[in-house]
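The values are calculated or read from the model by the stated rules, or taken from the named source; none is laboratory data. The structure displayed is predicted, hence computed values, not measured ones. Just the protein is used for accessible areas: all its heavy atoms, side chains included, with ligands, DNA and RNA removed. Shrake-Rupley method; radii C 1.70, N 1.55, O 1.52, S 1.80 Å.
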Amino acid sequence: MLYRTVFGAVWVYFGKEPSTIEVINDIDKELINLFKMIKYHSPEIERLLGYEFSRRDIFEEYKNYNINYLTEIHRAIRFLYLITQSFVGKGKTYGYGTTTKPSQKVFYKNMLSDIRERLSNTYVENLSFEKIIDKYDREHSFFFCDPPYFETAGYDNKFEEEEHIILRDKLKNLKGKFLLTINDHEKVREWYKEFNIREIEVNYSVSRAAEGRGKYKELIITNY
């Protein structure tokens with residue numbers, strides 16, 4: 001069977017076996033630019049990243065850059081540096097450790113070539129979820145959807161109840177199949193009560209605050 005995968009959590013795409021045709025999509029322009037630059041200009045990115053090292057002032061400088069004055073390659077380097085040098089990869093706060101070495105060298109050396117190879121047969125899109133579903137929905141399509149969790153802080157792009165309902169309606173009329181992951185919330189259960197809902201328990205361990213760590217319930221929702 002031919003599958004198309006719409007990009008949600010990056011680990012799902014890179015962790016699964018390649019499909020015949022694949023599509024990754026994210027609303028974050030900098031993330032998509034990073035993938036595009038790795039796909040087409042990986043040697044130059046590797047060369048320039050060879051001069052980088054972990055420093056708080058460099059991190060703050062990159063974070064506050066006006067990206068309108070950067071080339072696409074330098075935007076990709078900036079983005080990659082921020083996510084590899086920040087706390088839990090959010091690009092907001094400089095990350096450091098007392099028992100671990102900076103992670104960027106291992107990532108740059110071991111991962112970029114693998115990512116480039118993986119992306120070589122993949123379409124990279126930067127569209128709204130409505131448009132990406134309309135463009136790629138076929139009977140043979142499979143969508144992995146990882147929207148922002150409902151009523152959860154920490155997302156840069158607006159995705160509230162209105163957007164969740166639009167997504168639900170799109171998935172309700174889907175020709176293909178979908179798998180959606182989301183936090184366990186009574187409204188979410190009501191929205192998707194017509195579908196198959198599986199409850200799982202996930203252990204969160206990266207929060208700085210103790211109350212943010214622990215086990216939480218999530219939902220895996222499918223139309224098959």
Averaged per residue, what accessible area in Å² does the range 115-198 show with a 1.4 Å probe, protein chains only?
-> 59 Å²
Too long for a 22 Å Cα-Cα cut-off, among K29/K131; K29/K177; K135/K187; K90/K131, are K29/K177; K135/K187; K90/K131
Leaving out same-chain residues fewer than 8 places away, which aspartates and glutamates sit with a Cα under 17 Å from that of K215?
-> D184, E199, E201
